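Structure first, then comments.
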Amino acid sequence: MEPTGVFNNYYRNKRVIVTGHTGFKGSWLSLWLAQLGASPAGFSAYLPSNPCNFEALGLERLIKHHKGDIRNFHQLNEAFQSFHPEIVFHLAAQPLVRRSYEEPKLTFDTNVGGTVNVLECIRQNECVKVAVIITSDKCYKNVEWVWGYRENDQLGGDDPYSASKGCAEIAIHSYCQSYFSKENRVYAASARAGNVIGGGDWAEDRIIPDCVRAWAENQPVIIRNPRATRPWQYVLEPLSGYLWLGALLGSNAIPNGGAFNFGPRADTIQPVSALLTTFQKYWDKAQWKVNIESSGKKESSLLKLCCDKSLSLLKWNAILSFEEAIEFTALWYKEFLRAKENILEFSKQQIEQYCSLAKQRGMEWAKDG
């Protein structure tokens, strides 16, 4: 499939800035935009891990790299004024729940203050026409019910990370209603997803990277709670939603100023133990040990999203089964450990393979533009 044949060819020759482009999702989004024929740029303060997917893919050669702190409005605004983006994808964040307990001020400064800085840059720079602001599924006040949270459910959270994402959503709504929706100068929306897995994630305190690091050394991985249930989602699933949301906003095909959930298929809602058992199939001598902690730091046992709005308005839904999501993920890490120099081409092939599957399974965004 020609990579520019999806998303109605909307991104071809468009100037697109991605905040947090050195992160896990941001690096995949930047690569996909480059394949779509866009002119991408990124804004980020640092490389978030070692290894780092941004470096592994050699993205600095493919996109314009702006180094700066999302908490610093002047640095961010200089990047906007220099690059003149038409489209903004905001992903920069402090993304870890457990770290938010240790560094709550950093978490709020980054996730709330940084988001407000992005919104203000969008407001002040008339070159911006479309904005997709990504928060998290954890923006919802989680009462651990068995059905999915809808976009109009209550926001909030007990831990600093969840609370910061709820606050960010309130700020986004305020800017959309006060500035962006007036005369539709900017078409904007927020996007909510969570528990994303896939190749290139090397963050601390995440199950897949922890497994890869341990198993690459023939060591058992330490598991905190094998019964914890999560809606595991392959990284390209929500990114396809973000890209399609941006394309439809840019073509005025959907209402301005809304919020959209992007969650996986129901059969991907599995306990950690199922993830380990499935992932183990791709690794010789894979082992794990359970070390149940009693730190007093609450982590929710279940949080899933209702994606009916995305299905209705965007004609979007996730396409991969649980086993397929694990296979895409495991094969990337196996290739990285086998031949790091091939990982850019391998990653491009995974994007093309995912697009091909989406087309076969009737996704609106994957039809030839």
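Any read-out appearing in this document is the output of simple, stated calculations on the displayed coordinates, not a laboratory observation. Since the model is a prediction, treat every value here as computed from it, not as a measurement. So basically every Cβ, Gly included, is an ideal-geometry build from the backbone, and we count neighbours across all protein chains shown.
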* To do: Would you check which residues across segment 38-64 are of a type in the set (Asp, Glu) and touching a helix residue (DSSP H, G or I) at 6+ places or on another chain (Cβ under 8 Å) and list them?
  => Glu60
* **Within segment 325-366, considering residues that are farther than 28 Å from Ile269 by Cα and among the basic types (Lys, Arg), the one surrounded by the most Cβ atoms within 10 Å (Cβ to Cβ)** => Lys340
* To do: Kindly indicate whether Asp210 is without any contact (Cβ under 8 Å) to a residue 40 or more places away in the chain and acidic (Asp, Glu).
  => yes
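Can you pull out every residue in segment 152-201 that is part of a helix (DSSP H, G or I) and in contact with a Gly (Cβ under 6 Å, 6 or more places away or on another chain)?
Within segment 152-201, the subset part of a helix (DSSP H, G or I) is 160-180, 182-184.
Answer for segment 152-201, where residues must be part of a helix (DSSP H, G or I) and in contact with a Gly (Cβ under 6 Å, 6 or more places away or on another chain): Ala163, Gly166, Cys176.
Would you confirm whether any residue within segment 244-259 is aromatic (Phe, Trp, Tyr) and either within 13 Å of the chain's Cα centre (by Cα) or surrounded by fewer than 19 Cβ atoms within 10 Å (Cβ to Cβ) (or both)?
In the first step, residues of segment 244-259 are kept if they are aromatic (Phe, Trp, Tyr); the result is 244.
Subset that is either within 13 Å of the chain's Cα centre (by Cα) or surrounded by fewer than 19 Cβ atoms within 10 Å (Cβ to Cβ) (or both): none.
Looking through segment 244-259, none of the residues is aromatic (Phe, Trp, Tyr) and either within 13 Å of the chain's Cα centre (by Cα) or surrounded by fewer than 19 Cβ atoms within 10 Å (Cβ to Cβ) (or both).
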* When you scan segment 126-170, how many residues do you find that are under 25 Å from Leu249 (Cβ atoms) and of a type in the set (S, T, N, Q)? -> 4
* **Subset tally (residues that are within 25 Å of the chain's Cα centre (by Cα), buried (at least 22 other Cβ atoms within 10 Å of the Cβ) and not aliphatic (A, V, I, L, M)) for segment 203-223** => 1
* How many residues does segment 80-117 hold that are assigned to a helix (DSSP H, G or I), more than 17 Å from the chain's Cα centre (by Cα) and in contact (Cβ under 8 Å) with a residue 60 or more places away in the chain? -> 6
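Of everything in segment 118-130 that's within 19 Å of the chain's Cα centre (by Cα) and assigned to a helix (DSSP H, G or I), which residue is surrounded by the most Cβ atoms within 10 Å (Cβ to Cβ)?
Going residue by residue through segment 118-130, those that are within 19 Å of the chain's Cα centre (by Cα) are 118-119, 130.
Next, from what is left, pick out any that are assigned to a helix (DSSP H, G or I): 118-119.
On the way: Val118: 29, Leu119: 25.
Ranking the candidates gives Val118 first.
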* With respect to Leu243, is the statement that it is under 30 Å from Tyr46 (Cα atoms) and not in a loop (DSSP other than H, G, I, E, B) true? -> yes
* Within segment 37-55, can you find the residues that are surrounded by fewer than 23 Cβ atoms within 10 Å (Cβ to Cβ) and touching a Leu at 6+ places or on another chain (Cβ under 8 Å)? -> Glu55
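Kindly establish whether Ala189 is in contact with a helix residue (DSSP H, G or I) (Cβ under 9 Å, 6 or more places away or on another chain), in contact (Cβ under 8 Å) with a residue 12 or more places away in the chain and of a type in the set (Gly, Ala, Ser).
Details: in contact with a helix residue (DSSP H, G or I) (Cβ under 9 Å, 6 or more places away or on another chain): yes; in contact (Cβ under 8 Å) with a residue 12 or more places away in the chain: yes; of a type in the set (Gly, Ala, Ser): yes.
It is true that Ala189 is in contact with a helix residue (DSSP H, G or I) (Cβ under 9 Å, 6 or more places away or on another chain), in contact (Cβ under 8 Å) with a residue 12 or more places away in the chain and of a type in the set (Gly, Ala, Ser).
Any idea how many residues of segment 139-151 are at negative phi and either assigned to a loop (DSSP other than H, G, I, E, B) or small (Gly, Ala, Ser) (or both)?
The initial filter retains those residues of segment 139-151 that are at negative phi, namely 139-143, 145-151.
Subset that is either assigned to a loop (DSSP other than H, G, I, E, B) or small (Gly, Ala, Ser) (or both): 141-143, 145-148, 150-151.
Of the residues in that region, 9 qualify.
The rows are residues; the columns are (1) farther than 18 Å from His90 by Cβ; (2) in a loop (DSSP other than H, G, I, E, B); (3) aliphatic (A, V, I, L, M).
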position: Asn8; (1), (2), (3): yes, no, no
position: Ile17; (1), (2), (3): no, no, yes
position: Thr22; (1), (2), (3): no, yes, no
position: Leu29; (1), (2), (3): no, no, yes
position: Leu33; (1), (2), (3): no, no, yes
position: Gly37; (1), (2), (3): yes, yes, no
position: Ala41; (1), (2), (3): no, no, yes
